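Comments concern the structure below.
The values are calculated or read from the model by the stated rules, or taken from the named source; none is laboratory data. Model, not experiment: these values are computed from the prediction. Ideal geometry is used to build each Cβ from the backbone, glycine not excepted, and the neighbour counts take in all protein chains shown. All accessible areas refer to the heavy atoms of the entire protein, side chains included, with ligands and DNA or RNA removed. Shrake-Rupley method; radii C 1.70, N 1.55, O 1.52, S 1.80 Å.
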Amino acid sequence: MIDVIDLRKSYGRLEVLKGITVTIKEGEKIAIIGPSGSGKSTFLRCLNCLEDPTGGSIIFEGVDIADMRVDINIHRRHMGMVFQQFNLFNNKTVIDNIMLAPVHTGISDLRKKKIKNFFIRIRNLFAKNKKPLYEINTTPSKIKEEARVNAMRLLRRIGLEDKANAYPSTLSGGQKQRIAIIRALAMNPKVMLFDEPTSALDPEMVGEVLELIKQVADEGMTMVIVTHEMGFAREVATRVLFMDEGRIVEDNTPEEIFTNPQNPRTREFLSKVL
Amino acid sequence: MGSFEKKLIKFWEIFYERGGYTKVLTGLRNTAYIAVAGLVIGIIIGTIIAVIEVFPKYKRLPRILNRFCSFYVGLFRGSPIVVQLLVAYYVVLPLLGINIPPLNVCVLVFGLNSGAYVSEIMRGGILSVDPGQMEAGRALGLSYGTTMLKIVVPQAVKNILPTLGNEFIALIKETSVVSFVGAADLYVAFNYIGTNSYEFMVPYLVMAVIYIVMVMIIALLVRIMERSLRKSDRRN
């Protein structure tokens, strides 16, 4: 699903990612662990080009999204991302947070189709071989209504439907992060990227967020999770990558990595955190 | 005290009985029109410039635009507004062969001038918004422009509203120079009353009071607006 080939990223002269090659298959849940400064987060942020890679390629559904000429916005719609700091839109209510992206992308697609249809109609006036028009079977209000229904369904799922019209500043960290997760889910992504989703939470809120992530994982979502929760990685992941100094040092199943680490650096790291 | 009373009576005669108040109302309307329209133009221009200035500059086009924007800001911050008015009205427009009424020239110049100031205010506001907001928008597949317009700028405006109110107040007061190019504002109206009654004490005093009251009302409106925008914060 995602093929990462020799991915490199440098900030000035500092090389953070020194050539990462990894293949992420559909349905896999990949946990990335490693000491701080090893490039875990940078790697994750390169996957949806929040950081532009300085070298290598990322093939997502057959398209190299590391190429600057590709319209990254279209591909990002299929990659949900959850941040350490939640990053809910502070000026929008919870329901607007969830609805914003589906409604906006839906309406702008509709507008593009209408514009294309307009030009096809003009062309059809003069050309002999008539081109078919794009099918339009929705309206902006319909898109909004569908997004609202979907958002309420997702909110009900996490039991926060009574917070639909609240602003993010009135919510707890755990609530914010769960809403951030369903905000990403509302776009029906093909892969979810989690950047240390529980690191900014109070200890008693970690459980509820991990529980939701686990549910999403059980539904078969492809996931890449950067995490410090070793127990969670072991339980949910189907594959664990250990990163150190900008490289993937070890890539194996969780059982193997946690019980029988091959690399000395993996062993050292795990002995410190476990 | 007797002479002051006489002055008041004289002022009232010109102001009320000989129709001076219509001039004052026109002046008030023009002052408000120039300030409001100027601020609207200023906010639009300022926002565009601020967005260009914070746009990441990997490519050529943003860099060229940025150069142009700093030139513009330097130009309009570098000279007094009176000079800009005079140059616009007596130099630029005649050279271009365009004939616009003085009032509209004033709106244009005040808009361009306040655009330069608002751009810096707005840039500060945009930089004060957590970069995570932009990242979250981009990660959802929204474009830079959309995220800027729907997420970052509204939050920036909330942060800069007090400063923007300041800018509006400054603009109102600066409009008192538009008579240089022959636009009729409050000063022109009260000057008319003064010259007709050969007596300037009361008209100018009333003018000062009108300005102060106007500014106080605006300050109050800004407060109310701020409060309504702050409803997404817990602290209110």
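Within the stretch A:160-172, being under 19 Å from A:D202 (Cβ atoms), surrounded by fewer than 17 Cβ atoms within 10 Å (Cβ to Cβ) and away from every other protein chain (no Cβ under 11 Å) holds for one residue alone: A:S172. Assessment of the stretch A:148-170 against the conditions (in contact (Cβ under 8 Å) with a residue 60 or more places away in the chain, of a type outside the set (S, T, Y) and within 30 Å of A:T42 (Cα to Cα)) yields at least one matching residue. In the set B:A184, B:A170, only one residue is in a loop (DSSP other than H, G, I, E, B) and over 21 Å from A:M187 (Cβ atoms); that residue is B:A184.
In this structure, B:L229 does satisfy being hydrophobic (A, V, I, L, M, F, W, C), at pLDDT below 90 and part of a helix (DSSP H, G or I). Within the stretch A:53-70, the set of residues being closer than 19 Å to A:V191 by Cα and open to solvent by 40 Å² or more (accessible area, probe 1.4 Å) comprises A:I59, A:E61, A:G62, A:V63, A:D64.
Within the stretch B:128-138, restricting attention to residues that are more than 7 Å from chain A (Cβ to nearest Cβ) and assigned to a helix (DSSP H, G or I), which residue is nearest to the chain's Cα centre (by Cα)? Of everything passing the filter in the stretch B:128-138, B:S128 is nearest to the chain's Cα centre (by Cα). B:V215 meets all of the listed conditions (1) buried (at least 19 other Cβ atoms within 10 Å of the Cβ); (2) at pLDDT 90 or above; (3) of a type outside the set (S, T, N, Q) but one, namely (1). A search for C-beta distances below 8 Å between a residue of the stretch B:182-198 that is without any contact (Cβ under 8 Å) to a residue 24 or more places away in the chain and any residue that is surrounded by fewer than 18 Cβ atoms within 10 Å (Cβ to Cβ), counting only pairs 6+ apart in sequence or on different chains, returns B:G194/B:F200; B:G194/B:Y204. At least 1 residues being within 29 Å of B:I193 (Cα to Cα) and open to solvent by 60 Å² or more (accessible area, probe 1.4 Å) is the threshold, and among the helices (runs of 4 or more DSSP H) wholly inside the stretch B:1-109 those reaching it are B:2-12, B:20-54, B:81-87. Between B:K150, B:K173, the distinction of being within 14 Å of chain A (Cβ to nearest Cβ), of a type outside the set (A, V, I, L, M) and open to solvent by 40 Å² or more (accessible area, probe 1.4 Å) belongs to B:K150 only.
A Cβ distance below 6 Å, combined with a sequence gap of six or more or placement on separate chains, defines the contacts here; from the stretch B:88-114, residues that are of a type in the set (V, I, T) reach residues that are in a helix (DSSP H, G or I) and open to solvent by 30 Å² or more (accessible area, probe 1.4 Å) in the pairs B:V105/B:Y89.
Could you say whether any residue in the stretch A:131-146 is modelled with pLDDT of 90 or more, within 14 Å of chain B (Cβ to nearest Cβ) and under 22 Å from B:A136 (Cβ atoms)? No; the residues of the stretch A:131-146 include none that is modelled with pLDDT of 90 or more, within 14 Å of chain B (Cβ to nearest Cβ) and under 22 Å from B:A136 (Cβ atoms). Scanning the stretch A:113-128 for residues that are open to solvent by 50 Å² or more (accessible area, probe 1.4 Å), assigned to a helix (DSSP H, G or I) and farther than 23 Å from A:I72 by Cα returns A:F118, A:F119, A:R121, A:I122, A:R123, A:L125, A:F126. Annotation for the stretch A:188-199: at least one member residue is more than 14 Å from the chain's Cα centre (by Cα) and either open to solvent by less than 20 Å² (accessible area, probe 1.4 Å) or farther than 19 Å from A:F89 by Cβ (or both). Within the stretch A:183-210, the set of residues being in a helix (DSSP H, G or I) and within 12 Å of chain B (Cβ to nearest Cβ) comprises A:R183, A:A184, A:L185.
Do you know which residues across the stretch A:1-50 are of a type in the set (S, T, N, Q) and more than 22 Å from A:I72 (Cα to Cα)? Passing the criteria: A:S36, A:S38. B:G141 passes every criterion in (1) without any contact (Cβ under 8 Å) to a residue 12 or more places away in the chain; (2) within 14 Å of chain A (Cβ to nearest Cβ); (3) in a helix (DSSP H, G or I) apart from (3). Filter the stretch A:71-112 down to the residues that are assigned to a helix (DSSP H, G or I) and farther than 18 Å from B:T146 by Cβ, then identify the one that is nearest to the other protein chains (Cβ to nearest Cβ). Only one residue tops the list, namely A:V94.
Checking the stretch B:116-125 against the condition returns no match, with no residue being over 17 Å from the mean Cα position of the chain (by Cα), under 30 Å from A:F86 (Cα atoms) and within 11 Å of chain A (Cβ to nearest Cβ).
Return yes or no: is A:I30 more than 30 Å from B:P154 (Cα to Cα), open to solvent by less than 50 Å² (accessible area, probe 1.4 Å) and not charged (D, E, K, R)? Yes. If you go through the stretch A:45-70 and keep only what is in contact (Cβ under 8 Å) with a residue 60 or more places away in the chain and within 11 Å of chain B (Cβ to nearest Cβ), you end up with A:R45, A:L47, A:N48.
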